[in-house]
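Accompanying notes for the structure given below.
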Amino acid sequence: MEQAQAQIKTPTFFDVYESLFYHHGAQNWWPGETEFEIMVGAILTQNTAWTNVEKAIEKLKLADALSPDRLLSLPEKTVADLIRSSGYFNVKTQRLRNYCNWFLESGGHEALSTWTTGDLRSGLLSVNGIGSETADDILLYAFERSVFVIDTYTRRLFSRLELISSDLDYEQTRSVFESKLEKDTQLFNEYHALIDVHAKHICKPKPVCESCCLIKHCPYEKKE
DNA sequence: ACCCAGGGTCATA
DNA sequence: TATGACCATGGG
């Protein structure tokens, strides 16, 4: 008799965006005052909570180390100590150095801004320590290219919504998002930020579905 | 004490 | 191509 069962309607990718935006508001990402700070943050936040990255960036600022030249001139030990709170500090020290070398050899932000998105992406990926997601973070948030960033949060949320299958690789997932949305840098910017904020607080590994603004779209009720 | 976090590389089969 | 090991701090 009673169809108290929530009516699941399959939303478009833009519907999900609108719900998230209405519920969470504008996020104004990426947190960072300069393009270079955004790039450093993208590397430091690899598999790491942002709160731990903030501390590291603050230390880099206090040490006046937040520029490619300064970062390269400091001893690795010193850099590692400054970014200690972001975890994997030895690996990330090396990744920052690799990135700074490429960045300077390529002529810095101004020169890189003239590159096509494809060339820029290839260049970023050629740096040891820059993978797909970090490259796309930098492309979208530091170079304002209309590239949709995929992360673990994106996969988790959209597989629970059953809008993507979880066995797609990074490029396939990105391709789905970019084909379902207008190629709009500002949209991609805000959307990725909203997904992360939503997943961080609500669509967690152990989800808090009661307070979820997407509940009317979400088939999730069982285990993964 | 355990799980998770705004990943990526390298060695191995 | 596809797993597994490894990197490491800090908050819940």
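Throughout, read-outs are computed from the coordinates displayed, never taken from laboratory work. Keep in mind that this is a model prediction, so the values were computed, not measured. Cβ: placed from backbone, ideal geometry, glycine included. Neighbour counts: every protein chain shown.
In the stretch A:143-210, which GluC sites (Glu not before Pro) are in a loop and have at most 15 other Cβ atoms within 10 Å, using DSSP for the loop call?
A:Glu144, A:Glu162, A:Glu182
Pop the C-beta distance of A:Leu187 and A:Val208 into the FRET formula with R0 = 35 Å and round what comes out to the nearest 0.05.
0.85
Tell me the angle of helix A:170-180 to the major Cα principal axis of chain A, expressed in degrees between 0 and 90 and rounded to the nearest ten.
Its long axis makes an angle of about 60 degrees.
Taking the dipole about the Cα centre of the stretch A:35-141, with the C-beta of Lys and Arg at +1 and of Asp and Glu at -1, give me whichever of A:Ala80, A:Ile130, A:Leu112 is farthest to the positive side.
A:Ala80
Report, in debye and to the nearest 20, how large the dipole of chain A comes out about its Cα centre when Lys and Arg carry +1 and Asp and Glu carry -1 on their Cβ.
Using Cβ point charges on Lys, Arg, Asp and Glu, chain A gives about 720 debye.
Using alpha carbons only, how many angstrom separate the centre of the stretch A:1-79 from the centre of the stretch A:195-217?
After rounding, the separation between the Cα centres reads 18 Å.
Compute the relative contact order of chain A as a whole-number percentage, counting only Cα pairs closer than 8 Å that sit 6 or more residues apart in sequence. Walk me through the numbers on the way to the answer.
Numbers: 232 pairs, mean separation 59.6, N = 224.
In percent, rounded to a whole number, it is 27.
Where does chain A land at 222 nm, in deg cm²/dmol rounded to the nearest 500, when only DSSP H runs of n ≥ 4 count, each adding -39500 (n - 2.57), divided by all residues?
-17000 deg cm²/dmol
Kindly provide the GluC sites (Glu not before Pro) of the stretch A:1-96 that DSSP labels as loop, not H, G, I, E or B, and whose Cβ sees at most 13 other Cβ atoms within 10 Å.
Numbers: sites: A:Glu2, A:Glu18, A:Glu33, A:Glu35, A:Glu37, A:Glu54, A:Glu58, A:Glu76; in loops: A:Glu2, A:Glu33.
Answer by residue number: A:Glu2, A:Glu33.
Provide the FRET efficiency to the nearest 0.05 for the A:Asn52-A:Ala26 pair, computing r from the beta carbons and using R0 = 22 Å.
It comes to 0.35.
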